[in-house]
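First up is the structure itself, then whatever we jot down about it.
The values are calculated or read from the model by the stated rules, or taken from the named source; none is laboratory data. All of these numbers come straight from a predicted model, not from anything done at the bench. Using ideal geometry, Cβ is built from the backbone for each residue, glycine included, and neighbour counts are taken over all protein chains shown. Surface accessibility is based on the protein's heavy atoms, side chains included, excluding ligands, DNA and RNA. Shrake-Rupley method; radii C 1.70, N 1.55, O 1.52, S 1.80 Å.
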Amino acid sequence: MPFETLTPLSLVDSPLFGQSFVDDDMRAVFNFRAYVQRCVEVEVALASAEARLGVIPKAAATGIADAAGKYEFDLDYLQRETANVGYPILPIVELLSNAAGDAGRYLHWGATTQDIMDTATVLQLRQALDIIVLRLSQTIAALRILAKTHRDTPMAGRTHLQHALPVTFGYKAAVWLSSLERHLERIAQLKPRLLVVQFSGASGTLASLGDNGLAVQAELARELGLGVPAITWHSSRDSMAEAVQIMALVCGSLAKIALDISIMMTTELGEVAEPFGQHRGASSTMPQKRNPISCELIIAASKMVRQHAGLMLDAMAHDFERATGPWHLEWSAIPESFALTSGALAQASFMLSGLEVYPERMRINLNFSRGLIVAEAVMMALAPDTGRQSAHDLVYAACRQAVKTDKSLYDILSETKNVVDFLGLEKLKHLTNPENYLGAASKMVDRVLANSD
């Protein structure tokens with residue numbers, strides 16, 4: 001089938017759905033043309049490094065670089081030969097070598113296919129991580145604004161989808177924020193392990209270059225701005241796997257945010273809403289609908305990246321010095337996981353930057369149980385006088401009575417002699433106001449914001 005007639009099959013490449021899941025910047029990093037160019041870049045850098053060390057003639061390196069700068073690959077030929085060989089490097093080398101003339105005799109000197117492909121992938125990952133860091137920083141900036149703006153905006157905290165204790169919306173946003181900042185740390189820690197050259201020859205010993213092997217490896221790394229590994233890593237894929245695990249972690253944190261927001265957007269709660277746009281989140285049949293589209297896309301992306309994370313763990317089981325299959329799993333898992341993560345971050349940044357927050361609705365929901373949400377506050381105030389367990393039993397009974405009689409917790413407790421005798425009505429009124437039981441929520445927000453300055 002001619003190259004240009006290939007029809008996209010996957011979601012990330014779909015003309016219909018792809019734009020929702022993958023941003024253009026990451027697509028530019030991982031598309032097939034970019035990959036071929038990265039492979040050529042590695043070949044040119046290798047020739048340059050070897051020429052400086054006297055391994056190949058300087059004229060050969062110049063000729064290879066000149067040819068690479070001008071040559072346009074026959075994509076149909078690349079497609080056919082890659083399908084035949086199993087890898088694209090042999091046809092790339094064949095075509096570029098012919099284009100370089102006599103200099104082409106020295107192309108790919110001492111290298112093996114995986115050296116070029118792995119190093120090309122590392123170059124892509126360096127670009128990709130920069131995009132992820134940028135998208136993370138944009139999302140973090142949006143969360144910082146939400147946390148600061150709503151530092152003291154009270155709302156119901158929920159556990160097991162039930163009212164638990166009061167929190168603030170700024171506290172919730174700061175919890176989200178803290179996880180994304182940890183991912184920035186993880187990426188910074190990953191880079192020295194991941195961004196290293198792969199150049200070690202057929203079995204990883206650099207035997208074809210004799211005594212020059214390690215010097216060429218170091219010079220190639222310098223040429224490309226990469227680190228030098230202590231030993232060959234082409235059958236030890238932990239750093240590649242780690243990169244995808246971090247993408248899965250980022251998406252997991254985004255999915256938590258998206259799940260919270262989508263529930264808060266339910267008609268019954270109505271505490272927040274995604275940014276409004278004409279027909280965004282609309283239904284084809286129900287005119288009133290405003291669905292959490294960004295949340296849905298983020299949650300879907302997180303599940304797909306999680307699958308890729310598992311795939312990368314499978315890809316770590318390489319047999320001997322070069323694997324029979326596991327490496328190929330990375331060709332799908334790495335670009336798609338980074339593409340989906342970047343797209344999810346773009347959705348999150350958009351959503352959080354324009355998130356509509358409804359503090360009054362939060363207060364209404366906070367007061368929905370008419371004081372039951374702060375039953376712990378009364379219990380802890382009684383405990384020094386009655387003992388904790390007795391206080392718990394006393395307040396527990398009052399809560400059940402309040403639910404049964406459809407009264408507020410204050411109404412029931414104000415008629416409970418044991419409670420009034422110890423606390424008094426004024427203190428009881430204060431204790432049963434949810435906005436008075438926010439603990440250190442606001443101070444925690446301040447601490448997160450200070451740490452992320």
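Using a probe radius of 1.4 Å on heavy atoms only, what accessible surface per residue do you get for the chain? Whole Å² is fine.
Per residue, the chain has 48 Å² of solvent-accessible surface.
Which order do you get for Ile293, Ile261, Ile364 if you rank them by accessible area with a 1.4 Å probe, largest at the top?
Heavy-atom accessible area, descending, gives Ile364, Ile293, Ile261.
If I take every Cα pair under 8 Å that is 6 or more residues apart in the chain, average their sequence separation and divide by the length, what percent do I get for the relative contact order?
Relative contact order for the chain comes out at 18 percent.
How many angstrom lie between the C-alpha centres of region 223-242 and region 73-127?
Between the Cα centre of region 223-242 and that of region 73-127, the gap is 20 Å.
Using 5 Å bins from zero, what percent of all Cα-Cα pairs in region 362-428 falls into each bin?
Once binned at 5 Å, the Cα pair distances of region 362-428 give 4, 19, 30, 26, 14, 6, 2.
Would you list the P(r) distribution for region 84-140, with all Cα-Cα distances sorted into 5 Å bins from 0 and each bin expressed as a whole %?
Bins of 5 Å from zero give 4, 16, 17, 16, 13, 10, 8, 7, 5, 2, 0 percent of pairs.
Along the charge dipole of the chain, which of Trp327, Thr267, Ala221 sits closest to the positive end, that is, farthest toward it, with unit charges on the beta carbon of Lys, Arg, Asp and Glu (+1, +1, -1, -1)?
Going by the charge dipole, the pick is Thr267.
If I model a spin label as a point 7 Å beyond the Cα along the Cα-Cβ vector, how far apart are those points for Lys70 and Leu134 in nm?
3.3 nm
Take the alpha-carbon centre of region 419-453, take the same for region 390-411, and report the distance between them in whole Å.
21 Å
Quick one: order Asp421, Asp118 from most to least accessible surface, probe 1.4 Å.
Solvent-accessible surface, decreasing: Asp421, Asp118.
Counting only protein heavy atoms and a 1.4 Å probe, tell me what percentage of region 313-453's accessible area is made up of carbon and sulfur.
After summing per-atom areas, the C and S share lands at 54 percent.
Given DSSP loops and a limit of at most 16 other Cβ atoms within 10 Å, what is the longest stretch of the chain that contains no such GluC sites (Glu not before Pro)?
Longest stretch, sites excluded: 73-267.
What distance in nm lies between label points placed 7 Å from Cα along the C-beta direction at Ile145 and Lys256?
Output for this residue pair reads 2.3 nm.
Using 7 Å Cα-to-Cβ label points, what is the Ser203/Tyr77 separation (nm, one decimal)?
Label at Ser203, label at Tyr77, 3.4 nm between them.
Tilt of helix 75-85 relative to the longest C-alpha principal axis of the chain, in degrees (0 to 90, nearest 10)?
90 degrees
Tell me, Kirkwood radius of region 1-91 from alpha-carbon pair distances, in Å?
Answer for region 1-91: a Kirkwood hydrodynamic radius of 15.5 Å.
With all pairs of different alpha carbon atoms counted, what Kirkwood hydrodynamic radius in Å does the chain show?
So the Kirkwood estimate lands at 25.9 Å.
Under the rule a/c < 1.5 gives rounded, and otherwise a/b versus b/c splits prolate from oblate, where does region 264-421 land using the Cα gyration tensor?
oblate
Could you please report the charge total around Ala383, scoring K, R as +1 and D, E as -1 over all other residues with beta-carbon less than 13 angstrom from its beta-carbon?
Value of the local net charge: -2.
Can you flag which of Lys172/Lys303; Lys148/Lys407; Lys172/Lys429; Lys148/Lys404 are past 30 Å Cα-Cα?
Pairs exceeding 30 Å: Lys148/Lys407; Lys148/Lys404.
Tell me the Kirkwood hydrodynamic radius of region 41-177 in angstroms, computed as one over the mean inverse distance between distinct C-alpha pairs.
Over region 41-177, the inverse of the mean reciprocal pair distance is 19.2 Å.
Charges at C-beta only: +1 for Lys and Arg, -1 for Asp and Glu. How large is the resulting dipole of the chain about its Cα centre, in Debye rounded to 20? Could you put the intermediate results ahead of the total?
Numbers: 40 positive and 49 negative charges, 324 e Å.
I would put it at about 1560 debye.
Per DSSP H run of at least 4 residues, take -39500 (n - 2.57); add these up for the chain, divide by its residues and hand me the 222 nm value, nearest 500 deg cm²/dmol. Mind dumping the intermediate values first?
Numbers: 19 runs with 287 residues, N = 453.
Estimated from H runs of four or more residues: -21000 deg cm²/dmol.
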